[in-house]
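The values are calculated or read from the model by the stated rules, or taken from the named source; none is laboratory data. Just so it is clear, the structure is predicted and the values come from calculations on it, not from any experiment. For neighbour counting, all protein chains shown are included, and Cβ atoms are generated from backbone atoms with ideal geometry for every residue, glycine included.
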Amino acid sequence: MAFESSIPRSEMIGCALCYNAPCDKACPYMIPSDTLRSIWFDNSAAASTELPDKNVCITCNAPCEDACVRPHAVPIKEIMTKLHDEVKPCHDLPKPDDEALLRSDFCGVPLENPFLLASSVVSSTYDMCARAFEAGWAGASFKTICNLDIHEASPRFSAITGDSGTIIGFKNIEQLSDHSVAENMEIFRKLKARYPTKFILASIMGQNESEWEELARMCEENGADAIELNFSCPNMMEEGFGSDIGQVPELVEKFTAAARKGATIPILAKLTPNVATMSPAAEAAIRGGADGIAAINTIKSIIGVNPHTYVTAPAVRGKSAVGGYSGNAVKPIALRFVAELGQNPALKDKHLSGMGGIETWKDALEFLLLGAGSVQVATAVMQYGYRIIDDLKAGLNYYLSEKGFRNVREVVGLGLDSLSPTTDVLERDSIVYPKFNPGKCIGCGRCMISCEDGGHQAIYLDENRKARMDAANCVGCHLCVLVCPEKAITSSGKRVAKR
(Lines give C-alpha, C1' and ligand atoms only; values in the text may rest on other atoms or scores of the structure.)
Protein backbone atom coordinates (compact mmCIF):
# COMPACT_ATOMS: atom_id res chain seq x y z
CA MET A 1 0.00 0.00 0.00
CA ALA A 2 1.40 3.38 -1.00
CA PHE A 3 -1.17 5.92 0.06
CA GLU A 4 1.33 8.75 -0.37
CA SER A 5 1.26 8.32 -4.15
CA SER A 6 -0.46 11.40 -5.50
CA ILE A 7 -0.18 14.33 -7.87
CA PRO A 8 0.82 17.60 -6.22
CA ARG A 9 -1.44 20.64 -6.57
CA SER A 10 1.49 22.52 -8.11
CA GLU A 11 1.09 20.57 -11.37
CA MET A 12 -2.29 22.17 -12.02
CA ILE A 13 -1.77 25.52 -10.34
CA GLY A 14 -3.29 27.33 -13.33
CA CYS A 15 -6.66 25.60 -12.97
CA ALA A 16 -9.48 28.05 -12.20
CA LEU A 17 -11.70 25.29 -10.73
CA CYS A 18 -14.51 26.52 -12.96
CA TYR A 19 -18.22 26.34 -12.42
CA ASN A 20 -19.78 24.14 -15.12
CA ALA A 21 -16.28 23.66 -16.54
CA PRO A 22 -15.85 23.95 -20.31
CA CYS A 23 -13.22 21.19 -20.26
CA ASP A 24 -15.95 18.77 -19.18
CA LYS A 25 -18.10 19.59 -22.15
CA ALA A 26 -15.17 19.24 -24.54
CA CYS A 27 -13.98 15.88 -23.17
CA PRO A 28 -15.54 12.88 -24.99
CA TYR A 29 -15.14 10.89 -21.76
CA MET A 30 -16.46 13.56 -19.32
CA ILE A 31 -13.40 13.18 -17.09
CA PRO A 32 -11.56 16.45 -16.39
CA SER A 33 -13.10 18.93 -13.96
CA ASP A 34 -14.16 16.76 -11.03
CA THR A 35 -10.89 14.86 -11.25
CA LEU A 36 -8.84 18.04 -11.43
CA ARG A 37 -10.69 19.37 -8.42
CA SER A 38 -9.92 16.15 -6.56
CA ILE A 39 -6.21 16.64 -7.26
CA TRP A 40 -6.46 20.23 -6.02
CA PHE A 41 -7.97 18.98 -2.77
CA ASP A 42 -5.33 16.31 -2.21
CA ASN A 43 -7.61 13.49 -3.25
CA SER A 44 -5.65 11.88 -6.09
CA ALA A 45 -5.95 8.39 -4.65
CA ALA A 46 -9.73 8.19 -4.55
CA ALA A 47 -10.01 10.02 -7.88
CA SER A 48 -7.68 7.55 -9.59
CA THR A 49 -9.91 4.61 -8.68
CA GLU A 50 -12.71 6.08 -10.80
CA LEU A 51 -10.68 6.37 -13.98
CA PRO A 52 -11.33 3.86 -16.80
CA ASP A 53 -9.06 0.81 -16.77
CA LYS A 54 -7.66 1.93 -20.10
CA ASN A 55 -5.83 5.24 -20.31
CA VAL A 56 -8.20 6.91 -22.75
CA CYS A 57 -6.32 10.20 -22.52
CA ILE A 58 -3.05 8.95 -24.01
CA THR A 59 -4.37 8.87 -27.59
CA CYS A 60 -6.75 11.80 -27.23
CA ASN A 61 -6.02 15.13 -28.96
CA ALA A 62 -7.01 16.92 -25.74
CA PRO A 63 -9.93 19.12 -26.78
CA CYS A 64 -10.30 19.81 -23.05
CA GLU A 65 -7.13 21.89 -23.13
CA ASP A 66 -8.41 23.91 -26.07
CA ALA A 67 -11.63 24.59 -24.18
CA CYS A 68 -9.86 25.71 -21.00
CA VAL A 69 -10.76 29.25 -19.92
CA ARG A 70 -7.04 29.72 -19.43
CA PRO A 71 -5.83 28.20 -22.71
CA HIS A 72 -3.05 25.67 -22.17
CA ALA A 73 -2.49 26.87 -18.60
CA VAL A 74 -3.35 23.39 -17.35
CA PRO A 75 -1.73 20.35 -19.02
CA ILE A 76 -4.83 18.22 -18.51
CA LYS A 77 -3.73 15.36 -20.76
CA GLU A 78 -0.39 15.06 -18.98
CA ILE A 79 -2.01 15.21 -15.56
CA MET A 80 -4.62 12.58 -16.40
CA THR A 81 -1.96 10.30 -17.84
CA LYS A 82 0.10 10.58 -14.64
CA LEU A 83 -2.98 9.93 -12.56
CA HIS A 84 -3.75 6.80 -14.58
CA ASP A 85 -0.23 5.44 -15.03
CA GLU A 86 1.49 6.47 -11.77
CA VAL A 87 -1.17 6.90 -9.09
CA LYS A 88 -3.87 4.40 -10.03
CA PRO A 89 -1.54 1.34 -9.89
CA CYS A 90 -0.64 2.23 -6.30
CA HIS A 91 -4.26 2.18 -5.20
CA ASP A 92 -5.80 -1.08 -6.30
CA LEU A 93 -8.37 -1.06 -3.50
CA PRO A 94 -11.71 -0.08 -5.05
CA LYS A 95 -13.54 2.97 -3.83
CA PRO A 96 -15.97 1.99 -1.01
CA ASP A 97 -19.51 1.35 -2.20
CA ASP A 98 -21.02 3.54 0.53
CA GLU A 99 -20.08 6.05 3.21
CA ALA A 100 -20.79 3.85 6.22
CA LEU A 101 -17.23 4.34 7.50
CA LEU A 102 -17.91 8.07 7.86
CA ARG A 103 -20.90 7.73 10.18
CA SER A 104 -20.26 9.46 13.46
CA ASP A 105 -22.09 11.28 16.20
CA PHE A 106 -22.19 14.62 17.98
CA CYS A 107 -22.71 14.03 21.70
CA GLY A 108 -24.77 10.97 20.79
CA VAL A 109 -26.74 12.63 17.99
CA PRO A 110 -26.08 10.71 14.73
CA LEU A 111 -24.03 12.36 11.98
CA GLU A 112 -23.90 11.10 8.40
CA ASN A 113 -20.25 12.16 8.34
CA PRO A 114 -18.05 14.39 10.52
CA PHE A 115 -18.24 17.42 8.20
CA LEU A 116 -20.24 20.47 9.29
CA LEU A 117 -20.45 24.04 8.04
CA ALA A 118 -18.98 26.46 10.57
CA SER A 119 -21.04 29.35 11.88
CA SER A 120 -20.54 32.10 9.31
CA VAL A 121 -22.00 33.53 6.15
CA VAL A 122 -21.87 30.04 4.54
CA SER A 123 -24.65 28.91 6.89
CA SER A 124 -26.75 32.03 7.24
CA THR A 125 -29.98 31.38 5.30
CA TYR A 126 -32.43 28.57 4.67
CA ASP A 127 -31.48 28.32 1.00
CA MET A 128 -27.76 28.13 1.71
CA CYS A 129 -28.11 25.41 4.33
CA ALA A 130 -30.52 23.49 2.11
CA ARG A 131 -28.07 23.53 -0.80
CA ALA A 132 -25.26 22.45 1.51
CA PHE A 133 -27.33 19.58 2.87
CA GLU A 134 -28.23 18.50 -0.66
CA ALA A 135 -24.53 18.58 -1.55
CA GLY A 136 -23.71 16.15 1.25
CA TRP A 137 -22.75 18.14 4.35
CA ALA A 138 -23.88 16.38 7.51
CA GLY A 139 -25.04 19.56 9.16
CA ALA A 140 -24.38 23.19 9.88
CA SER A 141 -23.54 25.49 12.74
CA PHE A 142 -25.93 28.30 11.83
CA LYS A 143 -24.65 31.88 11.81
CA THR A 144 -24.78 33.21 15.36
CA ILE A 145 -28.27 34.22 16.51
CA CYS A 146 -28.62 37.24 18.77
CA ASN A 147 -30.92 40.10 19.76
CA LEU A 148 -28.38 42.72 18.73
CA ASP A 149 -29.11 45.20 15.94
CA ILE A 150 -26.59 44.07 13.33
CA HIS A 151 -25.40 46.44 10.59
CA GLU A 152 -22.43 45.22 8.56
CA ALA A 153 -19.62 47.31 7.08
CA SER A 154 -18.63 47.25 3.40
CA PRO A 155 -16.24 45.92 2.31
CA ARG A 156 -15.65 43.48 5.13
CA PHE A 157 -13.18 40.92 3.78
CA SER A 158 -9.49 40.98 2.90
CA ALA A 159 -6.96 38.24 2.27
CA ILE A 160 -3.36 37.15 1.85
CA THR A 161 -2.96 35.19 -1.36
CA GLY A 162 -0.38 32.75 -2.66
CA ASP A 163 1.45 32.76 -5.98
CA SER A 164 -1.54 31.18 -7.70
CA GLY A 165 -3.94 33.78 -6.37
CA THR A 166 -5.62 31.37 -3.98
CA ILE A 167 -6.42 32.56 -0.48
CA ILE A 168 -3.94 31.52 2.20
CA GLY A 169 -5.12 33.74 5.02
CA PHE A 170 -8.50 35.44 5.24
CA LYS A 171 -9.59 38.39 7.38
CA ASN A 172 -13.18 39.35 8.11
CA ILE A 173 -14.84 42.09 10.12
CA GLU A 174 -18.26 40.44 9.78
CA GLN A 175 -20.54 40.15 12.78
CA LEU A 176 -23.53 37.97 13.65
CA SER A 177 -26.78 37.03 11.92
CA ASP A 178 -28.66 40.06 10.67
CA HIS A 179 -31.96 38.14 10.70
CA SER A 180 -34.28 38.50 13.66
CA VAL A 181 -34.51 35.70 16.20
CA ALA A 182 -38.02 34.92 14.94
CA GLU A 183 -36.78 34.67 11.35
CA ASN A 184 -33.99 32.32 12.36
CA MET A 185 -36.38 30.11 14.32
CA GLU A 186 -38.53 29.81 11.22
CA ILE A 187 -35.47 28.73 9.25
CA PHE A 188 -34.73 26.02 11.83
CA ARG A 189 -38.28 24.68 11.61
CA LYS A 190 -38.19 24.56 7.82
CA LEU A 191 -34.76 22.90 7.70
CA LYS A 192 -35.67 20.25 10.24
CA ALA A 193 -38.95 19.51 8.47
CA ARG A 194 -37.29 19.03 5.11
CA TYR A 195 -34.00 17.50 6.33
CA PRO A 196 -34.79 15.56 9.51
CA THR A 197 -31.52 13.60 9.43
CA LYS A 198 -29.29 16.65 9.04
CA PHE A 199 -27.65 18.15 12.11
CA ILE A 200 -28.54 21.71 13.13
CA LEU A 201 -26.08 23.31 15.54
CA ALA A 202 -27.53 26.61 16.74
CA SER A 203 -24.87 29.21 17.45
CA ILE A 204 -26.11 31.84 19.90
CA MET A 205 -24.84 34.93 21.71
CA GLY A 206 -26.68 36.65 24.56
CA GLN A 207 -26.22 39.99 26.26
CA ASN A 208 -26.93 38.66 29.76
CA GLU A 209 -27.84 35.45 31.56
CA SER A 210 -31.54 35.65 30.77
CA GLU A 211 -30.83 36.07 27.04
CA TRP A 212 -28.44 33.12 26.94
CA GLU A 213 -31.10 31.00 28.66
CA GLU A 214 -33.96 32.20 26.45
CA LEU A 215 -32.06 31.82 23.17
CA ALA A 216 -31.02 28.29 24.12
CA ARG A 217 -34.61 27.39 24.97
CA MET A 218 -35.98 28.80 21.73
CA CYS A 219 -33.41 26.99 19.59
CA GLU A 220 -34.27 23.64 21.16
CA GLU A 221 -38.00 24.25 20.80
CA ASN A 222 -37.60 25.08 17.11
CA GLY A 223 -35.61 22.05 16.03
CA ALA A 224 -31.92 22.57 16.84
CA ASP A 225 -30.06 19.35 17.64
CA ALA A 226 -27.40 21.08 19.73
CA ILE A 227 -26.30 24.56 20.76
CA GLU A 228 -22.97 26.30 20.28
CA LEU A 229 -22.25 29.20 22.63
CA ASN A 230 -20.28 31.87 20.78
CA PHE A 231 -17.78 33.11 23.34
CA SER A 232 -15.23 33.97 20.70
CA CYS A 233 -16.29 36.37 17.93
CA PRO A 234 -13.53 39.01 17.65
CA ASN A 235 -15.64 41.50 15.68
CA MET A 236 -18.20 42.80 18.18
CA MET A 237 -18.83 46.56 18.23
CA GLU A 238 -19.28 46.72 21.99
CA GLU A 239 -17.04 45.53 24.80
CA GLY A 240 -18.18 42.57 26.85
CA PHE A 241 -19.23 40.37 23.95
CA GLY A 242 -17.66 37.62 21.83
CA SER A 243 -14.00 36.98 22.55
CA ASP A 244 -14.15 39.30 25.57
CA ILE A 245 -16.22 36.61 27.26
CA GLY A 246 -14.03 33.73 26.10
CA GLN A 247 -10.99 35.29 27.73
CA VAL A 248 -12.60 35.24 31.18
CA PRO A 249 -13.32 31.71 32.49
CA GLU A 250 -15.72 33.01 35.13
CA LEU A 251 -17.94 34.53 32.44
CA VAL A 252 -17.72 31.37 30.33
CA GLU A 253 -18.94 29.31 33.26
CA LYS A 254 -21.72 31.75 34.18
CA PHE A 255 -23.17 32.07 30.69
CA THR A 256 -22.80 28.37 29.96
CA ALA A 257 -24.79 27.63 33.11
CA ALA A 258 -27.43 30.10 31.97
CA ALA A 259 -27.78 28.40 28.59
CA ARG A 260 -27.89 25.01 30.31
CA LYS A 261 -30.96 26.16 32.26
CA GLY A 262 -32.73 26.81 28.99
CA ALA A 263 -31.99 23.62 27.08
CA THR A 264 -31.65 19.87 27.49
CA ILE A 265 -29.92 19.23 24.14
CA PRO A 266 -26.09 19.11 23.92
CA ILE A 267 -24.23 22.38 24.43
CA LEU A 268 -20.76 23.26 23.19
CA ALA A 269 -18.76 26.36 24.09
CA LYS A 270 -16.99 27.90 21.11
CA LEU A 271 -13.78 29.35 22.50
CA THR A 272 -11.40 32.06 21.40
CA PRO A 273 -7.80 31.42 20.33
CA ASN A 274 -6.87 34.91 21.53
CA VAL A 275 -5.51 33.47 24.77
CA ALA A 276 -2.28 31.79 25.86
CA THR A 277 -4.06 28.54 26.74
CA MET A 278 -7.64 27.44 26.16
CA SER A 279 -7.99 24.92 28.98
CA PRO A 280 -9.06 27.36 31.73
CA ALA A 281 -12.04 28.54 29.67
CA ALA A 282 -12.80 25.00 28.47
CA GLU A 283 -12.85 23.62 32.00
CA ALA A 284 -15.06 26.51 33.07
CA ALA A 285 -17.50 25.66 30.29
CA ILE A 286 -17.67 22.04 31.44
CA ARG A 287 -18.31 23.18 35.01
CA GLY A 288 -21.13 25.32 33.65
CA GLY A 289 -22.76 22.31 32.04
CA ALA A 290 -21.29 22.17 28.53
CA ASP A 291 -21.06 18.79 26.82
CA GLY A 292 -18.04 19.76 24.77
CA ILE A 293 -15.92 22.47 23.16
CA ALA A 294 -15.70 23.97 19.68
CA ALA A 295 -12.35 25.46 18.64
CA ILE A 296 -11.04 27.60 17.18
CA ASN A 297 -12.78 30.81 16.19
CA THR A 298 -10.86 33.40 14.19
CA ILE A 299 -7.67 35.04 15.42
CA LYS A 300 -7.46 38.79 15.94
CA SER A 301 -5.42 40.17 13.07
CA ILE A 302 -4.32 43.00 10.83
CA ILE A 303 -3.67 42.32 7.14
CA GLY A 304 -1.39 44.81 5.50
CA VAL A 305 -1.20 48.59 5.55
CA ASN A 306 -1.77 50.53 2.33
CA PRO A 307 1.49 52.43 1.64
CA HIS A 308 -0.42 55.37 0.15
CA THR A 309 -3.46 55.74 2.42
CA TYR A 310 -1.82 54.17 5.52
CA VAL A 311 -5.08 52.28 6.20
CA THR A 312 -5.25 48.53 6.80
CA ALA A 313 -7.57 46.24 4.86
CA PRO A 314 -10.48 46.13 4.48
CA ALA A 315 -10.79 49.91 4.43
CA VAL A 316 -14.19 51.46 5.15
CA ARG A 317 -14.28 55.19 4.40
CA GLY A 318 -10.67 55.62 5.40
CA LYS A 319 -10.92 53.51 8.56
CA SER A 320 -10.33 49.87 9.40
CA ALA A 321 -10.23 47.63 12.44
CA VAL A 322 -8.66 44.55 13.93
CA GLY A 323 -10.58 41.58 12.55
CA GLY A 324 -10.77 37.80 12.58
CA TYR A 325 -8.13 35.76 10.71
CA SER A 326 -8.97 32.37 9.21
CA GLY A 327 -8.05 30.15 6.27
CA ASN A 328 -5.40 27.49 5.82
CA ALA A 329 -2.73 29.71 7.40
CA VAL A 330 -4.30 29.33 10.85
CA LYS A 331 -4.45 25.52 10.79
CA PRO A 332 -1.23 24.99 12.80
CA ILE A 333 -2.56 27.27 15.54
CA ALA A 334 -5.95 25.58 15.50
CA LEU A 335 -4.36 22.13 15.74
CA ARG A 336 -2.28 23.27 18.69
CA PHE A 337 -5.39 24.32 20.63
CA VAL A 338 -7.37 21.20 19.66
CA ALA A 339 -4.47 19.04 20.84
CA GLU A 340 -4.34 20.94 24.12
CA LEU A 341 -8.02 20.21 24.67
CA GLY A 342 -7.66 16.62 23.47
CA GLN A 343 -4.93 15.97 26.05
CA ASN A 344 -6.77 17.64 28.93
CA PRO A 345 -8.04 14.96 31.37
CA ALA A 346 -10.84 17.29 32.47
CA LEU A 347 -12.29 17.05 28.97
CA LYS A 348 -12.11 13.27 28.67
CA ASP A 349 -15.14 11.90 26.81
CA LYS A 350 -16.33 15.42 25.96
CA HIS A 351 -17.03 16.22 22.32
CA LEU A 352 -14.50 18.42 20.52
CA SER A 353 -15.57 20.07 17.29
CA GLY A 354 -12.46 21.28 15.50
CA MET A 355 -12.08 24.02 12.93
CA GLY A 356 -9.53 26.46 11.58
CA GLY A 357 -8.05 26.26 8.10
CA ILE A 358 -9.60 23.00 6.91
CA GLU A 359 -9.62 22.71 3.11
CA THR A 360 -8.88 19.06 2.36
CA TRP A 361 -9.78 15.71 3.85
CA LYS A 362 -6.20 15.46 5.11
CA ASP A 363 -6.63 18.72 7.00
CA ALA A 364 -9.79 17.31 8.55
CA LEU A 365 -8.05 14.04 9.41
CA GLU A 366 -5.37 15.93 11.32
CA PHE A 367 -8.04 17.49 13.56
CA LEU A 368 -9.60 14.07 14.12
CA LEU A 369 -6.24 12.54 14.99
CA LEU A 370 -5.74 15.23 17.65
CA GLY A 371 -9.05 14.57 19.35
CA ALA A 372 -11.83 16.26 17.36
CA GLY A 373 -14.99 14.21 16.91
CA SER A 374 -16.37 16.51 14.22
CA VAL A 375 -14.93 19.23 12.03
CA GLN A 376 -16.32 22.53 10.78
CA VAL A 377 -15.45 24.40 7.59
CA ALA A 378 -16.15 27.98 6.51
CA THR A 379 -13.36 29.86 4.70
CA ALA A 380 -12.69 27.04 2.22
CA VAL A 381 -16.39 26.98 1.34
CA MET A 382 -16.32 30.74 0.83
CA GLN A 383 -13.48 30.28 -1.64
CA TYR A 384 -14.47 27.03 -3.40
CA GLY A 385 -18.13 26.38 -2.65
CA TYR A 386 -20.17 23.60 -1.02
CA ARG A 387 -18.90 21.19 -3.70
CA ILE A 388 -15.70 20.55 -1.70
CA ILE A 389 -17.72 18.13 0.44
CA ASP A 390 -17.37 15.57 -2.37
CA ASP A 391 -13.61 15.38 -1.90
CA LEU A 392 -13.74 15.75 1.87
CA LYS A 393 -15.93 12.67 2.08
CA ALA A 394 -14.34 10.67 -0.72
CA GLY A 395 -10.79 11.24 0.46
CA LEU A 396 -11.46 10.42 4.10
CA ASN A 397 -13.66 7.45 3.18
CA TYR A 398 -10.96 5.99 0.94
CA TYR A 399 -8.27 6.57 3.56
CA LEU A 400 -10.29 4.78 6.24
CA SER A 401 -10.95 1.88 3.88
CA GLU A 402 -7.34 1.59 2.71
CA LYS A 403 -6.01 1.73 6.28
CA GLY A 404 -8.49 -0.87 7.48
CA PHE A 405 -10.41 1.26 9.98
CA ARG A 406 -13.93 0.13 10.72
CA ASN A 407 -15.28 3.59 11.48
CA VAL A 408 -14.10 7.19 11.53
CA ARG A 409 -14.41 7.19 15.33
CA GLU A 410 -11.39 4.87 15.49
CA VAL A 411 -8.99 7.58 14.31
CA VAL A 412 -10.06 10.17 16.89
CA GLY A 413 -7.15 11.00 19.17
CA LEU A 414 -4.59 8.64 17.62
CA GLY A 415 -2.06 11.47 17.30
CA LEU A 416 -2.17 12.62 20.90
CA ASP A 417 0.12 10.12 22.63
CA SER A 418 3.15 11.06 20.53
CA LEU A 419 2.70 14.80 21.09
CA SER A 420 4.34 16.83 23.84
CA PRO A 421 3.55 20.49 24.59
CA THR A 422 7.28 21.11 25.05
CA THR A 423 10.44 19.95 23.26
CA ASP A 424 12.28 18.65 26.33
CA VAL A 425 11.13 15.07 25.68
CA LEU A 426 12.75 14.83 22.25
CA GLU A 427 15.75 12.57 21.64
CA ARG A 428 18.80 14.62 20.58
CA ASP A 429 21.60 12.10 20.15
CA SER A 430 20.97 11.09 16.54
CA ILE A 431 20.60 12.60 13.07
CA VAL A 432 18.41 11.89 10.05
CA TYR A 433 20.38 13.07 7.02
CA PRO A 434 18.71 14.40 3.88
CA LYS A 435 18.83 12.34 0.70
CA PHE A 436 19.73 13.96 -2.63
CA ASN A 437 18.36 12.77 -5.97
CA PRO A 438 20.75 13.99 -8.70
CA GLY A 439 18.31 12.93 -11.43
CA LYS A 440 15.73 15.44 -10.21
CA CYS A 441 18.17 18.19 -9.25
CA ILE A 442 18.09 21.13 -11.72
CA GLY A 443 21.13 22.85 -10.23
CA CYS A 444 19.32 25.97 -9.05
CA GLY A 445 21.35 26.16 -5.86
CA ARG A 446 18.39 27.12 -3.67
CA CYS A 447 19.31 24.48 -1.13
CA MET A 448 22.92 25.70 -1.03
CA ILE A 449 21.87 29.32 -0.48
CA SER A 450 19.49 28.41 2.32
CA CYS A 451 21.99 26.13 4.01
CA GLU A 452 24.78 28.70 3.62
CA ASP A 453 22.85 31.65 5.01
CA GLY A 454 20.22 29.99 7.19
CA GLY A 455 21.72 26.65 8.08
CA HIS A 456 25.08 25.00 8.64
CA GLN A 457 27.06 25.40 5.41
CA ALA A 458 26.70 21.71 4.53
CA ILE A 459 25.68 21.88 0.83
CA TYR A 460 27.68 22.70 -2.29
CA LEU A 461 27.21 22.35 -6.04
CA ASP A 462 29.56 19.98 -7.88
CA GLU A 463 31.07 20.58 -11.32
CA ASN A 464 27.76 19.55 -12.92
CA ARG A 465 25.73 21.92 -10.72
CA LYS A 466 24.29 19.04 -8.74
CA ALA A 467 23.69 19.55 -5.03
CA ARG A 468 25.95 17.58 -2.73
CA MET A 469 26.08 17.27 1.04
CA ASP A 470 29.05 17.70 3.38
CA ALA A 471 28.09 15.23 6.07
CA ALA A 472 30.68 16.64 8.45
CA ASN A 473 28.70 19.88 8.68
CA CYS A 474 25.13 18.60 8.24
CA VAL A 475 23.05 18.62 11.41
CA GLY A 476 19.93 17.08 9.83
CA CYS A 477 17.72 20.17 10.16
CA HIS A 478 16.03 19.44 6.78
CA LEU A 479 15.78 23.08 5.70
CA CYS A 480 17.02 21.94 2.30
CA VAL A 481 14.16 19.45 2.01
CA LEU A 482 11.68 22.27 2.48
CA VAL A 483 13.16 24.80 0.06
CA CYS A 484 13.97 22.55 -2.91
CA PRO A 485 11.53 23.57 -5.70
CA GLU A 486 11.86 20.19 -7.45
CA LYS A 487 11.49 17.96 -4.38
CA ALA A 488 14.87 16.50 -5.28
CA ILE A 489 15.83 16.35 -1.60
CA THR A 490 13.98 14.09 0.78
CA SER A 491 14.53 12.58 4.19
CA SER A 492 16.74 9.51 4.16
CA GLY A 493 14.53 8.04 6.85
CA LYS A 494 17.58 6.56 8.54
CA ARG A 495 18.51 7.75 12.02
CA VAL A 496 22.20 7.51 12.88
CA ALA A 497 24.09 8.39 16.03
CA LYS A 498 25.77 11.78 16.12
CA ARG A 499 29.48 11.73 15.61
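So which of ILE168, ILE160, ILE150 ends up being outside any strand (DSSP E or B) and either β-branched (Val, Ile, Thr) or not assigned by TED's automatic domain parsing to the domain that holds THR298 (or both)?
Checking each option against the conditions leaves just ILE150.
Taking SER10, is it surrounded by 15 or more Cβ atoms within 10 Å (Cβ to Cβ) and polar (S, T, N, Q)?
For SER10, the condition - surrounded by 15 or more Cβ atoms within 10 Å (Cβ to Cβ) and polar (S, T, N, Q) - is not met.
Is one or more of the residues making up segment 204-222 in contact with a Gly (Cβ under 8 Å, 6 or more places away or on another chain), assigned to a loop (DSSP other than H, G, I, E, B) and closer than 25 Å to GLU134 by Cα?
For segment 204-222, residues in contact with a Gly (Cβ under 8 Å, 6 or more places away or on another chain), assigned to a loop (DSSP other than H, G, I, E, B) and closer than 25 Å to GLU134 by Cα: absent.
For segment 477-494, give me each residue that is part of a loop (DSSP other than H, G, I, E, B) and either in contact with a helix residue (DSSP H, G or I) (Cβ under 7 Å, 6 or more places away or on another chain) or modelled with pLDDT of 95 or more (or both).
Result: CYS477, HIS478, CYS484, PRO485, ALA488.
Given the residues ARG70, ARG103, which is the only one that is among the basic types (Lys, Arg) and in contact with a strand residue (DSSP E or B) (Cβ under 9 Å, 6 or more places away or on another chain)?
ARG103
Restricting attention to segment 436-476, which residues are touching a Gly at 6+ places or on another chain (Cβ under 7 Å) and either modelled with pLDDT under 95 or crowded, with 16+ Cβ neighbours inside 10 Å (or both)? Full working, then the answer.
Pass one, segment 436-476, residues touching a Gly at 6+ places or on another chain (Cβ under 7 Å): 461, 465-466.
Within segment 436-476, LYS466 is the sole residue that qualifies.
Which one of these is surrounded by 24 or more Cβ atoms within 10 Å (Cβ to Cβ) and assigned by TED's automatic domain parsing to the domain that holds ALA372: GLY288, GLY318, GLY292?
Of the residues listed, the single one that is surrounded by 24 or more Cβ atoms within 10 Å (Cβ to Cβ) and assigned by TED's automatic domain parsing to the domain that holds ALA372 is GLY292.
Based on this model, can you work out whether SER104 counts as more than 30 Å from LYS350 (Cβ to Cβ), among the hydroxyl-bearing types (Ser, Thr, Tyr) and touching a residue at least 40 places away in the same chain (Cβ under 8 Å)?
Here the answer is no, as SER104 does not meet what is asked.
Can you name the residue in segment 372-400 that is more than 15 Å from the chain's Cα centre (by Cα) and not aromatic (Phe, Trp, Tyr) and is also nearest to TRP40 (Cα to Cα) among such residues?
Per the criteria, the residue is ALA394.
Which count do you get for residues in segment 126-151 that are under 24 Å from the mean Cα position of the chain (by Cα) and without any contact (Cβ under 8 Å) to a residue 60 or more places away in the chain?
3
Within segment 368-424, which residues are under 28 Å from GLU228 (Cα atoms), hydroxyl-bearing (Ser, Thr, Tyr) and surrounded by fewer than 23 Cβ atoms within 10 Å (Cβ to Cβ)?
Across segment 368-424, the qualifying residues are TYR384, TYR386.
From ASN297, ASN306, which residue is within 22 Å of PHE170 (Cβ to Cβ) and touching a Pro at 6+ places or on another chain (Cβ under 7 Å)?
That would be ASN297, the only listed residue that is within 22 Å of PHE170 (Cβ to Cβ) and touching a Pro at 6+ places or on another chain (Cβ under 7 Å).
Show me the strands (runs of 3 or more DSSP E) found entirely inside segment 293-351 where at least 2 residues are not small (Gly, Ala, Ser).
Those strands (runs of 3 or more DSSP E) span 299-301, 303-305.
Rundown of residues vs (1) without any contact (Cβ under 8 Å) to a residue 12 or more places away in the chain; (2) in contact with an Asp or Glu (Cβ under 6 Å, 6 or more places away or on another chain); (3) in a loop (DSSP other than H, G, I, E, B), yes/no style:
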site	(1), (2), (3)
ASN20	yes, no, yes
ALA47	no, no, no
LEU51	no, no, yes
ILE58	no, no, yes
ASP66	no, no, no
PRO71	yes, no, yes
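Within segment 98-125, take every residue that is surrounded by 23 or more Cβ atoms within 10 Å (Cβ to Cβ) and of a type in the set (Gly, Ala, Ser) and give me the one that is nearest to the chain's Cα centre (by Cα).
Ranking the candidates gives ALA118 first.
Taking segment 89-123, which residues are farther than 21 Å from GLY354 by Cβ and modelled with pLDDT of 95 or more?
Of everything in segment 89-123, those that are farther than 21 Å from GLY354 by Cβ and modelled with pLDDT of 95 or more turn out to be ASP98, ALA100.
How many residues does segment 266-284 contain that are crowded, with 23+ Cβ neighbours inside 10 Å and not hydrophobic (A, V, I, L, M, F, W, C)?
So the answer is 3.
When the residues of segment 161-186 are filtered to those that are within 17 Å of TYR384 (Cα to Cα) and among the hydrophobic types (A, V, I, L, M, F, W, C), which remaining residue is surrounded by the fewest Cβ atoms within 10 Å (Cβ to Cβ)?
Among those residues, the one meeting the criterion is ILE168.
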